[in-house]
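The values are calculated or read from the model by the stated rules, or taken from the named source; none is laboratory data. On a predicted model such as this, the values are computed, not experimentally measured, just so you know. Positions of Cβ are generated from backbone atoms using ideal geometry, with glycine treated the same way; all protein chains shown enter the neighbour counts.
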């Protein structure tokens, strides 16, 4: 059973970090490069980032519970646990903090596109916040990949 749960840890790390990098640094930029309509590209990218957030929430919960189950209170002394926890908190902040603000700004801008409205500057600022959260999460994901060998 230990082998299965440890294998699930590796799968979760791979899925979470892989989805962050694949969507954030390959798929989303490709959409904006390939599609002439930036609003359509942004809508598709937004859906993809939603999926990445849900993957992060699911994998984050598993990784934190698994580490706590294996190590007990010693988990609080492990870099792997803290890295996964900070990534998990960042994904929650992005999904349930920043994304609702971006969605509200888009809705308030209707019938115009948000970047053609008076909400453009606020949207750009919050989009920048989301980008920074994503970048930090991506870098922590790299650390998580490197730390997982020591955590099993």
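Among the candidates 48, 35, 63, single out the residue that is in contact with a helix residue (DSSP H, G or I) (Cβ under 9 Å, 6 or more places away or on another chain), at negative phi and touching a residue at least 40 places away in the same chain (Cβ under 8 Å). Step through it out loud before you land on a result.
Working: 48 fails: touching a residue at least 40 places away in the same chain (Cβ under 8 Å); 35 fails: touching a residue at least 40 places away in the same chain (Cβ under 8 Å).
Unique residue meeting the criteria: 63.
Assuming residue 51 fulfils every condition listed in (1) exposed (fewer than 13 other Cβ atoms within 10 Å of the Cβ); (2) over 13 Å from the mean Cα position of the chain (by Cα) apart from one, which condition is it?
(2)
Condition first: under 13 Å from the mean Cα position of the chain (by Cα), farther than 22 Å from residue 146 by Cβ, surrounded by 14 or more Cβ atoms within 10 Å (Cβ to Cβ) and free of Cβ contacts under 8 Å to residues at least 40 places away in the same chain. Can you find one or more residues in the stretch 66-85 that meet it?
So in the stretch 66-85, the residues under 13 Å from the mean Cα position of the chain (by Cα) come out as 84-85.
Remaining after also requiring farther than 22 Å from residue 146 by Cβ: none.
Within the stretch 66-85, none of the residues are under 13 Å from the mean Cα position of the chain (by Cα), farther than 22 Å from residue 146 by Cβ, surrounded by 14 or more Cβ atoms within 10 Å (Cβ to Cβ) and free of Cβ contacts under 8 Å to residues at least 40 places away in the same chain.
Taking the conditions exactly as written (closer than 22 Å to residue 18 by Cα and out of contact with any strand residue (DSSP E or B) (no Cβ under 9 Å at 6 or more places or on another chain)), does residue 118 satisfy them or not? Let's see the steps before the verdict.
Values: closer than 22 Å to residue 18 by Cα: no; out of contact with any strand residue (DSSP E or B) (no Cβ under 9 Å at 6 or more places or on another chain): yes.
No; evaluated as a whole, the condition is false for this residue.
May I ask you to verify whether residue 43 is within 19 Å of the chain's Cα centre (by Cα) and modelled with pLDDT of 95 or more?
No: the conditions fail for residue 43.
Which one of these does residue 112 not meet: (1) over 13 Å from residue 20 (Cβ atoms); (2) surrounded by 14 or more Cβ atoms within 10 Å (Cβ to Cβ)?
It is condition (2) that residue 112 fails.
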